[in-house]
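Working notes for the structure below.
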Amino acid sequence: MAQAETRRLAAIMFTDIVGFSRQMGASEARTLRLLEVHNRVIHQAVTEYQGHVIKTVGDAFLVDFLSVVHAVQCAQQIQARFGAHNAEKEASEQIHIRVGIHSGDIAQRDGDVFGDGVNVASRLQALAESDTICFSQVVYQEVEKKLSLGTVVSPGRPKLKTIAQQQPAYALLPEQPKGFRQTLRVQRLKLKQWRRMVQVAVVVPMLGLVSAGTLLVRNLDFPAPSGLPLPDKPSIAVLPFVNMSEAPKQEYFSNGLTEDLKPPFQRSLTAHLKSYVYVVRGGWYFVRWTQEANAQAQHMWERATELDPQFALAHILLGWTYFVEWGWQWSQDPQTLERALTLARRAIALDDASPLAHQLLAGVYLFKKQHEQALVEAERAIALDPNDAHSHEMLADILTFAGRPEEASGVLEKALRLNPTFPAFLLADLGLAYQLTGRYEEALAALKKALPLNPNLLPTHEILAVTYGELGREEEARAEWAEVLRLSPSISLEGRRQRLPFKDPAVLERWLAALRNAGLQ
């Protein structure tokens, strides 16, 4: 017999594990083990603060409290305990959650609850970033003078799905920001102040790096990838700056400014301006994708880390030079990849909130053929910045080599929507995903788009060589392999066997057979 409906005012808490579905796909046994730890921590905290678990759905908890103060204290305790747990664990063993809290009217019926109190809490949880607590204005007003909250920022009045009335929301960060980069991460959450953020982001670099003249923005029309739906939220595009000086060598300044201003406006500044200059100059060399230019970038970024050992971005970029050096067989020393691993870990120790650091670590784990760990790091990078196309690209790379190219294609199409300027690497990766699923003509179309964007991108030529080979177009396959040898004369069949991180040995052998036909010894 159905129970009568009862209504009351309650504080509702929703929790959810970040990237849970992806973790289940990577390792069900490990994720279920971590879920037990997660459930134990939440149950203990809920009991301690006199809450009641209404229900759980997979990794999600729906909890109600008689006191708003207890709800927030419970959420703080949960995040603190997971923070302590994560500090002692490798990335694959960490647990990161989002929490949403609202106080409102709820209806109880047949052991379940309904109403705006539940709906708003659920939407706030979805709005929260990893390791944060997001609560409504009514909660904030109740607890701001009763609890020590720490760093609280407001994303303004976000539109919550299925909730008609827009009200202010607040995000409680796990700790005080450390240094300029994390302080800027706090600013990023203050969406209602975005105009001022743009002004600061543009004016400061101009004052610091441009001595005279003005910077112009070119009106460039980049077509959106066909078939991709428009996002349901506003987008901001940062277009290239023009070098107005008469010195071509200053081009790296305008290029660097463009990269630094891309959404979400996370400029990686350092207290040591000279170190920042070395970082930007290194980028000017790195994107040329030749062995000589890579060595120049490596020198610049080594110098940047020496000038400012706390500059996380310098360590990340230096790590990429060793990553490429190993992957493209410019170095035969196995310690080259270990050097990239050391730099990635150092960068994360300096700034764990950097998606770039987790991208690098994901790439290193991929080259070490540790696919599950690589997936965890890529997922972490996306959680830190869902709008970063490079994080999605890295995830797609890992999925491709792990034997899931169909999934990778969808991720790359999303990445191209996030960065519609068609970067060569994204197109090359898309070509690889298409190639591995037998969509050869689509693969060729993507790869041919990538070629003129950067003729020195070695993977584009290698994937083309294999694709042409499997289509029986041997002359074109050999021409592409000649381009690979131009870029990396020491490349060898055994070297590709060691480095290509295909999880399935059969796919690797098929790839190597195509390379032999293209002329690889």
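The values are calculated or read from the model by the stated rules, or taken from the named source; none is laboratory data. All values derive from a computational prediction rather than experimental measurement. No Cβ is skipped: glycine too gets one built from the backbone with ideal geometry, and neighbour counts run over all protein chains shown.
Can you pull out the residues in the range 126-155 that are in contact with a Cys (Cβ under 7 Å, 6 or more places away or on another chain) and either crowded, with 21+ Cβ neighbours inside 10 Å or assigned to a loop (DSSP other than H, G, I, E, B) (or both)? Answer for the range 126-155, where residues must be in contact with a Cys (Cβ under 7 Å, 6 or more places away or on another chain) and either crowded, with 21+ Cβ neighbours inside 10 Å or assigned to a loop (DSSP other than H, G, I, E, B) (or both): just A128.
From A349, A362, A383, A353, grab the single residue that is of a type outside the set (V, I, T) and at pLDDT 95 or above. Give the steps one after another, and end with the answer.
Working: A349 fails: at pLDDT 95 or above; A383 fails: at pLDDT 95 or above; A353 fails: at pLDDT 95 or above.
Every option except A362 fails the conditions.
Summed over the range 88-112, residues that are closer than 13 Å to R380 by Cβ, part of a loop (DSSP other than H, G, I, E, B) and not aliphatic (A, V, I, L, M) total 4.
Take the conditions touching a Pro at 6+ places or on another chain (Cβ under 6 Å), aliphatic (A, V, I, L, M) and closer than 28 Å to E292 by Cα and apply them to L361. Does it pass?
On the way: touching a Pro at 6+ places or on another chain (Cβ under 6 Å): no; aliphatic (A, V, I, L, M): yes; closer than 28 Å to E292 by Cα: yes.
It is false that L361 is touching a Pro at 6+ places or on another chain (Cβ under 6 Å), aliphatic (A, V, I, L, M) and closer than 28 Å to E292 by Cα.
If I filter the range 433-455 for residues that are within 21 Å of W326 (Cβ to Cβ), under 25 Å from the mean Cα position of the chain (by Cα), part of a helix (DSSP H, G or I) and modelled with pLDDT of 95 or more, do I get at least one hit?
Within the range 433-455, the subset within 21 Å of W326 (Cβ to Cβ) is 454.
Narrowing further to those that are under 25 Å from the mean Cα position of the chain (by Cα): 454.
Subset that is part of a helix (DSSP H, G or I): none.
For the range 433-455, residues within 21 Å of W326 (Cβ to Cβ), under 25 Å from the mean Cα position of the chain (by Cα), part of a helix (DSSP H, G or I) and modelled with pLDDT of 95 or more: absent.
From the list R417, R496, R486, which one is in a helix (DSSP H, G or I), more than 23 Å from the chain's Cα centre (by Cα), basic (K, R) and buried (at least 16 other Cβ atoms within 10 Å of the Cβ)? Let's see the steps before the verdict.
On the way: R417 fails: more than 23 Å from the chain's Cα centre (by Cα); R486 fails: buried (at least 16 other Cβ atoms within 10 Å of the Cβ).
It is R496.
I'm trying to understand the selection: among the residues of the range 133-164, which are modelled with pLDDT under 75 and polar (S, T, N, Q)? Result: S154, T162. Close contacts from the range 5-32, counting a first residue that is free of Cβ contacts under 8 Å to residues at least 60 places away in the same chain and a second that is part of a helix (DSSP H, G or I) and among the hydroxyl-bearing types (S, T, Y), with Cβ to Cβ under 8 Å and a gap of 6+ residues or different chains, come to F20/T31; M24/T31.
Could you tell me which residue of the range 69-91 is nearest to the chain's Cα centre (by Cα), considering only residues that are closer than 14 Å to L173 by Cα and hydrophobic (A, V, I, L, M, F, W, C)? Full working, then the answer.
As a first pass, look at the range 69-91 and keep what is closer than 14 Å to L173 by Cα: 72-73, 75-80, 82-83.
Pick out the ones that are also hydrophobic (A, V, I, L, M, F, W, C) and you get 72, 75, 78, 80, 82.
On the way: V72: 28, A75: 25, I78: 24, A80: 23, F82: 21 Å.
Looking at residues that are closer than 14 Å to L173 by Cα and hydrophobic (A, V, I, L, M, F, W, C), I get F82.
Name the residues in the range 42-65 that are assigned to a strand (DSSP E or B) and charged (D, E, K, R), would you? Within the range 42-65, K55, D64 meet the criteria.
If you check L366, L361, which single one turns out to be closer than 22 Å to V507 by Cβ, part of a helix (DSSP H, G or I) and of a type outside the set (D, E, K, R)?
Working: L361 fails: closer than 22 Å to V507 by Cβ.
It is L366.
Residues that are among the hydrophobic types (A, V, I, L, M, F, W, C), part of a helix (DSSP H, G or I) and within 12 Å of I95 (Cα to Cα) within the range 1-41 comprise F20, L32, L34, L35, V37, V41, listed in sequence order.
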